[in-house]
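Everything below concerns the one structure shown next.
Read-outs throughout are calculated quantities, based only on the coordinates presented, and are distinct from any laboratory measurement. A quick note: this is a predicted structure, and the numbers were derived from the prediction, not measured. We place every Cβ from the backbone using ideal geometry, glycine too, and count neighbours over all the protein chains shown.
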Amino acid sequence: MNYKLFHFNSLTSTQDKAKEFAKKGLSSAVIISDVQTRGRGRFKRKWHSSKGGLWMSVLLKPKNAQHLQYLTFAAAVSVVNAIKKITGINVKIKWPNDVHYKGKKLCGILTEGIFGKENHVVVGIGLNVNQDKFPEDIKNIATSLKLIKNETYAIKKISLLILEEFSNIYEKIYDKNKFNGILEIWKENCDTLNKNIKVTTGKKKVLYGQAVGVAEDCSLLLKLNNKKTIKIIEGDVHIRY
Ligand code: BT5
């Protein structure tokens with residue numbers, strides 16, 4: 001693992017800082033901020049980023065920047081492994097970018113590409129660690145390691161472990177174009193497959209069916225009630241337990 005680490009007390013978003021660094025030609029950098037004033041999720045949604053969480057972006061310059069979704073998957077697996085090692089908790093991945101515990105969101109991942117003369121990728125990881133409570137709009141859907149285990153964790157230690165896990169997958173699998181290897185480990189840790197789910201697509205269409213697989217481009221294969229199987233490229237999944 002050979003990342004340069006940058007730590008800030010407050011930033012708008014670690015993704016913004018990573019993009020700024022990319023413009024200056026930097027890569028293999030990790031940006032962490034105690035607080036984000038404009039943390040964001042997919043589709044420009046707000047990501048609550050108060051003190052107590054891990055807000056981190058990894059800036060990379062991959063040889064192959066065509067398969068960004070695999071980096072989201074790699075980051076999710078890294079988070080699952082790191083949480084298991086530090087807390088003993090078994091958390092699961094929900095397609096495409098969530099790590100959750102019993103249906104409540106612990107972590108979200110946002111992977112963004114910067115394409116130009118040189119291609120960069122920023123993998124943003126937001127993990128709720130020591131928060132005791134959440135704002136009204138997410139209090140029923142979010143959780144933190146502290147709320148689960150009633151313990152406070154060293155954020156720095158968690159970040160280093162996630163980075164170690166991530167760089168292993170990145171160097172040994174992603175960078176060697178062994179994308180299937182990422183899909184395999186991702187599937188082992190994902191609990192969306194084989195469930196009956198509701199999907200709200202990127203275009204806000206609501207669909208019901210069974211998650212029957214993941215395609216090679218990381219899209220979700222949804223078998224509709226009329227038995228037709230379709231590909232969901234982006235969207236939000238609600239598992240119907
Ligand atoms: C995500 O988006 O889950 C990606 C989140 C990525 C955050 C990291 S933090 C470091 C880096 N810097 C950034 O600015 N972003 C990245 P999405 O799947 O669109 O989920 C967003 C939704 O999650 C929101 O609409 C809320 O419902 C919910 N949410 C917001 N803040 C949350 C939190 N702290 N914990 C759990 N859920 C939250």
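Sorted largest first, the spans of the alpha carbon positions of the chain along the three principal axes are 51, 44, 32 Å. Values of log10 I(q)/I(0) for segment 139-218 across q = 0.19, 0.23 Å⁻¹ run -1.08, -1.08, by the Debye formula with one identical scatterer at each alpha carbon and no solvent. On a C-alpha basis, how far is the centre of segment 6-74 from the centre of segment 192-229 in Å? Whole number, if you could? Centre-to-centre distance over Cα atoms comes out at 28 Å.
Within straight-line reach of Lys223, meaning a Cα separation under 17 Å, sit the following aspartates and glutamates at least 8 residues removed in sequence or on another chain: Asp191, Glu234, Asp236. Peptides 156-164, 132-140 ranked from most to least packed by the mean count of surrounding Cβ atoms within 10 Å: 156-164, 132-140. Here the translational diffusion coefficient of segment 180-241 follows from Stokes-Einstein with Rh set to the Kirkwood radius across Cα pairs; for 10 °C and 1.306 mPa s it amounts to 135 µm²/s.
Normalised by the number of residues in segment 94-200, the mean separation of alpha-carbon contacts (under 8 Å, six or more apart) gives a relative contact order of 19 percent. Largest GNM mean-square fluctuation among Ile86, Ile32, Ile125, using the chain with Cα springs under 10 Å: Ile86. By the combined test of axial Cα extent (at least 20 Å) and Kyte-Doolittle hydropathy (mean at least -0.5), the qualifying DSSP H helices of the chain come to 68-87, 155-169. Basic side chains Lys and Arg get +1 at the Cβ, acidic Asp and Glu get -1 at the Cβ, and with that the dipole of the chain about its Cα centre reaches some 620 debye.
The ranking of Tyr70, Tyr174 by Cβ neighbour count inside 10 Å, starting from the fewest, reads Tyr174, Tyr70.
Counted by Cβ distance under 13 Å from Gly25, the other residues give a net charge of +4, where Lys and Arg count +1 and Asp and Glu count -1.
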